[in-house]
Amino acid sequence: MCSSEVCTGGSALDAVEGDAVEAAVAVEAGGATLCVVSPTASPALDLAAGHHVAVPPDTVEITGTARRWGVHPLGPVRVRVVACDGLLAFPPLTLPATGVRVLPLAGPFTSRAPVPRPGGMSGVHRSHRFGEGGELAGVRPYGPGDRPRRIDWRTTLRTGEPYVGATLPERDAEIVLLLDVLQEAGGEEHGVPSVLDTAVRAAAAIAEHHVRQGDRVWLMEFGPWMRRLRPGTGRRHHLAQLAWLAETRPMPEGRETSGDRLPVAGLPPNALVVMLTPLLDPRSAAALAALARARRPLVAVDTLPPGLRRRATGEWSDIAERLWRLERENTVGRLREAGVPVEAWHGAGSLDAVLRDVARIAAARR
């Protein structure tokens, strides 16, 4: 008789890319028996060994390394019990799999560009309106409600009229990270990162940067499930963002989704929308055009790997790929003409220039 148990400390394990993953199988059997524990797992978990031999009662440690973000199965685990040097064999016992959620490892990302239309109560972004703040924006005549401690005595003595220093308050901003999961391309078999991998890592880096600044970051999917994560602040919320990103998966082939639905309906109108998309589906360009017509602050981040090539299936494959790339360049050009900035993802500092342009356009519209 043998009873086995997987000790995981809960229904699912959480780890970060590169961390060790550990589980345990407790085996108990009567008499002189021998147990062979054979775990299976996703290749992304990279188990250290495929078989373990134990003399019960014992606990078998199953170890591995989390290689890639996502929700990966650990198990099922097959346990075989033999006795009398293998002459007796008990029916094998199969333990169910448990999920291991591996959080994405965000790359370094910093940005000094201003965020358009900050509208919160406090933060690090300079507002476009005068108010109580720490950044001097000039001087103006003294008016009702001004505090005497803000009087600029140098200007007052020179003009003979009371003047006060005008300041710009600091505000927080709302950021909407919209992940396009309509199409997937690339991957290890192509020698380049996949589209979804680039989008998830970019979203994790951008979210971490803005959460540190006190901004409110929304996470949304543009695809069949339309998942969303409401904004929050602090490290605990950022861990929830990483867990949400780890569950991102591409749309299955052959499944249709509506492309005319505005994906950010109901969100604050001043929120900056950052759509991470490879622009491989016409519905992605249509969604960007709809957001531009709604006059929302908008940035499109191109997540198509630069070295990606389509699979060669015939003598016309090279010509077909050239035509596809020309069509995609035309789509990017039309989006830019419609006022949608499209910028490839290069990590830290890659969005500074385009964010400055978006902030300048948003200020001009006011």
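The values are calculated or read from the model by the stated rules, or taken from the named source; none is laboratory data. Bear in mind that the values here come from a model prediction, so they are computed numbers and not experimental data. Glycine also receives a Cβ, built like all others from the backbone with ideal geometry; neighbour counts cover every protein chain displayed. These area figures cover heavy atoms from the full protein model, side chains too; ligands, DNA and RNA do not enter into them. Shrake-Rupley method; radii C 1.70, N 1.55, O 1.52, S 1.80 Å.
What trypsin sites (Lys or Arg not before Pro) does the stretch 280-321 have in DSSP loop regions with at most 16 other beta carbons within 10 Å?
In loop regions of the stretch 280-321 (DSSP not H, G, I, E or B), the sparsely surrounded trypsin sites (Lys or Arg not before Pro) are 295, 309, 310, 311.
When all protein chains stay in place, what accessible area (Å², nearest 10, 1.4 Å probe) is found for residue 237?
Its accessible surface works out to 30 Å², give or take rounding.
Using amide H atoms built 1.01 Å from N in the peptide plane, name the residues 5+ places from residue 107, or on other chains, whose amide H lies under 5 Å from its own.
Answer set, sorted by chain and number: 205.
What are the residues whose amide H is under 5 Å from the amide H of residue 100, where those residues sit 5 or more places off or on another chain and H is modelled from the backbone?
The answer is 13, 72, 74.
From the phi of every residue in the stretch 58-71, what ³J(HN,Hα) in whole Hz does the Karplus formula 6.51 cos²θ - 1.76 cosθ + 1.60 yield, where θ is phi - 60° and glycine or proline is x?
3J(HN,Hα) across the stretch 58-71, in whole Hz: 7, 10, 9, 8, 9, 10, x, 10, 6, 8, 8, 5, x, 9.
Calculate, in nm to one decimal, what residue 161 and residue 334 gain on full extension: separation in residues at 0.36 nm each, minus their alpha carbon distance.
The span from residue 161 to residue 334 would gain 56.9 nm if fully extended.
Within the accessible area of the stretch 267-332, what % is carbon and sulfur when the probe is 1.4 Å and the other protein chains stay in place?
54 percent
Can you compute the label reach from residue 325? Point 7 Å from Cα along the Cβ direction, backbone N cut-off under 13 Å, restricted to the stretch 278-307.
305-307
Expressed as a whole number of Å, what is the distance separating the alpha-carbon centroids of the stretch 21-87 and the stretch 278-326?
Taking the Cα centre of each part, the stretch 278-326 and the stretch 21-87 sit 45 Å apart.
Grab the beta carbon distance between residue 147 and residue 239, set R0 = 45 Å, and tell me the FRET efficiency rounded to 0.05.
Given R0 = 45 Å and the Cβ-Cβ separation, E is 0.60.
Enumerate the amide H contacts of residue 164 below 5 Å, restricted to partners 5 or more residues apart or on another chain; note that Pro and chain-start residues carry no placed amide H.
Answer set, sorted by chain and number: 140, 142, 152.
Assuming R0 = 22 Å, what is the FRET efficiency of residue 26 and residue 53, from their Cβ-Cβ distance, to the nearest 0.05?
According to the calculation, E is roughly 0.90.
Would you kindly derive the ³J(HN,Hα) couplings of the stretch 197-211 from the backbone phi angles with the Karplus curve 6.51 cos²θ - 1.76 cosθ + 1.60 (θ = phi - 60°), listing them in order in whole Hz, with x for Gly and Pro?
Calculated HN-Hα couplings, in order: 4, 5, 5, 5, 5, 5, 4, 5, 5, 5, 4, 4, 4, 6, 5 Hz.
Any idea of the accessible area per residue across the stretch 36-110, 1.4 Å probe, to the nearest Å²?
Ligands and nucleic acids excluded, the figure is 52 Å² per residue.
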